[in-house]
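One structure, pasted below without further comment.
The numbers here are math on the coordinates, done by the rules we state, and not lab data. The model shown is predicted, which means the values in this text are computed figures rather than measured ones. Cβ sites come from the backbone with ideal geometry, for glycine too, and all protein chains shown count toward neighbours.
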Amino acid sequence: MARSKSRISKNTLILIKVFGVLLILVVGFVCFKYYRRQALNSELIRQEQLAREQEAAKELKIKTDFIKMIGPIAQKADQGFALLPSITIAQACLESNYGQSDLSQKYNNLFGVKSSDPNTSKVLSTKEYVNGKWIVVKARFQVYDSYEASIQAHARLFQEGTSWNKDQYAHVLAAKDYKSQAKALVTDGYATDPDYATKLINLIEQFNLNRFDN
């Protein structure tokens with residue numbers, strides 16, 4: 001009887017040990033799976049963050065390279081005129097998406113200048129702010145030989161005005177700082193976007209474009 005009890009106790013002890021080992025293995029496996037999943041998630045987040053940073057750096061380089069390229073052109077074109085180069089550069093950045101728009105890449109049109117001459121223009125789709133909302137319309141846009149030609153034409157527009165009003169941009173030319181000129185562009189009807197002035201001012205301050213005004 002004593003041997004039987006001893007044998008049962010040993011068997012019970014063995015079962016307990018086996019169960020304990022199995023429990024440790026299961027817990028270890030669950031922990032391994034958990035931490036492995038956490039590590040994979042952390043690596044995925046790190047890679048996504050790195051990709052975003054690389055994309056942001058790429059976009060920033062495109063923007064700064066574009067500004068570096070057209071900055072001296074704007075300074076030269078606006079020299080002697082009342083239009084500030086910072087305004088010209090900010091307009092080009094905003095309206096051409098830093099030279100990435102089809103209109104600027106294919107036709108060197110940085111400012112969305114329209115034309116009625118079929119020999120020197122192309123019909124393209126564009127967005128306009130009409131009656132409180134943005135709509136897509138077809139319009140004929142001027143084609144230029146170069147960015148320089150586009151910027152020079154932009155400077156002449158403000159000096160000569162429109163065909164129906166030579167003093168169209170009088171408030172723009174009378175303004176002496178970039179904030180006033182940006183707001184005057186809206187006052188004088190240059191843009192239909194109600195936030196146009198704010199966007200220009202933000203661009204000028206973000207990239208310190210007023211350094212080109214000196």
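Beta carbons within 10 angstrom, averaged per residue: use that to sort the peptides 15-21, 104-110, highest first.
Answer by packing, highest mean first, reads 104-110, 15-21.
Over 23 Å between Cα atoms, which of Lys63/Lys199; Lys61/Lys199; Lys68/Lys127 qualify?
Long pairs (Cα-Cα over 23 Å): Lys68/Lys127.
Around Ala197, with a cut-off of 13 angstrom between Cβ atoms, what is the net charge of the other residues, counting Lys and Arg +1 and Asp and Glu -1?
-2
Identify which of the listed values of P(r) over Cα pairs in 5 Å bins from 0, in percent was calculated from the structure shown: (1) 1, 6, 10, 13, 14, 11, 6, 4, 3, 3, 3, 3, 3, 3, 3, 2, 2, 2, 2, 2, 2, 1, 0, 0, 0; (2) 1, 8, 17, 21, 20, 15, 9, 5, 2, 0, 0; (3) 1, 7, 16, 21, 22, 18, 11, 3, 1, 0.
(1)
Each residue of region 31-40 in turn: what ³J(HN,Hα) in whole Hz from Karplus with 6.51, -1.76, 1.60 and θ = phi - 60°, glycine and Pro shown as x?
Result, ordered by residue: 5, 4, 4, 5, 5, 5, 5, 4, 5, 5 Hz.
Report the FRET efficiency, 1/(1 + (r/R0)^6), for Thr64 and Arg36, where r is their Cβ-Cβ distance and R0 is 45 Å, rounded to 0.05.
Computed FRET efficiency for Thr64 and Arg36: 0.60.
Let me ask another. Lys and Arg at +1, Asp and Glu at -1: add these up for the other residues within a Cβ distance under 11 Å of Thr120 and post the number.
0
Can you compute 3J(HN,Hα) from phi for each residue in region 97-105, using the Karplus curve 6.51 cos²θ - 1.76 cosθ + 1.60 with θ = phi - 60°, rounded to whole Hz and x for Gly and Pro?
With the stated coefficients, region 97-105 comes to 6, 6, x, 9, 6, 4, 4, 7, 6 Hz.
In this model, which of Lys58/Lys106; Lys58/Lys114; Lys58/Lys176; Lys106/Lys166; Lys58/Lys122 are farther than 28 Å apart at the alpha-carbon?
With Cα atoms farther than 28 Å apart: Lys58/Lys114; Lys58/Lys176; Lys106/Lys166; Lys58/Lys122.
Can you compute the modelled spin-label distance between Ser116 and Phe19, with each label point 7 Å from Cα toward Cβ, in nm?
With each label point 7 Å from Cα toward Cβ, the separation is 9.6 nm.
Just from its helices, what would the mean residue ellipticity at 222 nm be for the chain, if runs of 4 or more DSSP H residues each count -39500 (n - 2.57) and the sum is divided by every residue, rounded to the nearest 500 deg cm²/dmol?
-21500 deg cm²/dmol
Around Lys114, which amide H atoms from residues at least 5 apart in sequence, or from another chain, sit under 5 Å from its own amide H, with H modelled in the peptide plane?
So Lys114 has HN proximity to Gln142.
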